[in-house]
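The values are calculated or read from the model by the stated rules, or taken from the named source; none is laboratory data. Every value quoted in this text rests on a predicted model; they were computed, and no experiment measured them. Cβ: placed from backbone, ideal geometry, glycine included. Neighbour counts: every protein chain shown.
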C-alpha cells in the first residue's frame, strides 16, 4: 500500500532561474523552497564570484542582494551543471566584463556551441577550444537577434532571453517544439515585455529594472513522477503529493499517464511567481499501453525512465516514436 502526504523537493529549473534573476534585481530578494542540490549550489557559487551576496542555499529560505556584476577573480566553476553554464553565458553576454567558465570532467564534455553560436551572432566575444568548456566570454554591446533554434531547448532559449535582458536588445526565438517556459513566465511575472507571437517568443527591452521579490519555488514534477508511479502501481491507498508545479510545458508525463489509464487529480490549483501549482491526488490504477510522440518528448524528457518502468507493467506494450 502507498498512502499518505508527501512534498517533493523544489523544481531545479525554476531554482536556477530565480537565483539568477534575484542576483540581477535591484535590491534584496527572498526565495523559499529552492532545491538544495549541487547544481543549484553551483549557480549560487558562480553568482557570488560575480558579486552577488547570497546566503546559504537552504530550502527554508535564501536571501540575495542583487548588484551590478563584477569581473571575477578566478574561473567560474559550474560543477556538473549544464544549466548554470549555459544560462550564465547568456547573462554574461550583456556584461562588459571578461569571464572564463569551466566545470568538472563530465560538464567539459557537454556541447556549448548551441548557445555560443547565437550569442556570437548577437555580438558576444567568445573564445572557445572546441565545443565545450572551458571558454572565455567578454560581453558588451549586443545587437538584437531573430533566431530559429534547430532543437527545442529551454537552456538555449533562456540563455538568449537573458542576453537580451542584460544587453537590453530585442530577441525573437522559434523552436521546432515548445520547450519548458519557466524563463518566459518569470519575465512576464516581473513585468518585462515578453510575448508569444505566431509561435515565436519575443522579448523587447525596456528601462524597467527587475524589482526585489519574494517567491516560493514549487515542487519538482520530475521528482513527483516517481511518487506518482509508486502510487499508481500500488494495490491500494491514496497518495497526496503537495505543492507540485504543473506548468503545461512540464506535465507531459501526466498526459501520457492519463492515456494509460491512471488518474492524477489536481486539487488546490494556485499561482506562484507566474507558475501554476497544485496538489496531486493519486490512486492505484490498471495501466494500458500507449504511444509517446516526438512532439511530446520536450514536455516529459526527464520522466522517460519512470514511464518506461510503468510501461513494463501495462496491459500492452507502450512505444516511443
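Kindly check whether there is at least one residue in segment 282-290 that is out of contact with any strand residue (DSSP E or B) (no Cβ under 8 Å at 6 or more places or on another chain), surrounded by fewer than 16 Cβ atoms within 10 Å (Cβ to Cβ), over 29 Å from residue 10 (Cα atoms) and not assigned by TED's automatic domain parsing to the domain that holds residue 185. Yes, the conditions are met somewhere in segment 282-290. Every condition in (1) out of contact with any strand residue (DSSP E or B) (no Cβ under 8 Å at 6 or more places or on another chain); (2) loosely packed, with under 15 Cβ neighbours inside 10 Å; (3) within 30 Å of residue 21 (Cα to Cα) holds for residue 251 except the one numbered (2). Look at segment 10-32: where a residue is on the phi > 0 side of the Ramachandran plot, no partner that is outside any loop (DSSP other than H, G, I, E, B) sits 6+ places away or on another chain with Cβ atoms under 7 Å. For the condition buried (at least 17 other Cβ atoms within 10 Å of the Cβ) and in a helix (DSSP H, G or I), residue 256 qualifies.
Within segment 68-115, being touching a strand residue (DSSP E or B) at 6+ places or on another chain (Cβ under 7 Å), under 25 Å from residue 209 (Cα atoms) and assigned to a loop (DSSP other than H, G, I, E, B) holds for 71, 72. Residue-level check: of (1) over 18 Å from the mean Cα position of the chain (by Cα); (2) surrounded by fewer than 19 Cβ atoms within 10 Å (Cβ to Cβ); (3) not assigned by TED's automatic domain parsing to the domain that holds residue 308, residue 226 misses just (3). Taken as a whole, the condition of being surrounded by fewer than 21 Cβ atoms within 10 Å (Cβ to Cβ), in contact with a strand residue (DSSP E or B) (Cβ under 9 Å, 6 or more places away or on another chain), assigned by TED's automatic domain parsing to the domain that holds residue 167 and within 24 Å of residue 281 (Cα to Cα) applies to residue 59.
Considering only residues that are buried (at least 16 other Cβ atoms within 10 Å of the Cβ) and either at positive phi or assigned to a loop (DSSP other than H, G, I, E, B) (or both), which ones fall in segment 184-210?
Taking segment 184-210 first, the residues buried (at least 16 other Cβ atoms within 10 Å of the Cβ) are 184-187, 189-190, 192, 194, 201-203, 205, 210.
Listed by number, the residues that qualify are 190, 192, 205, 210.
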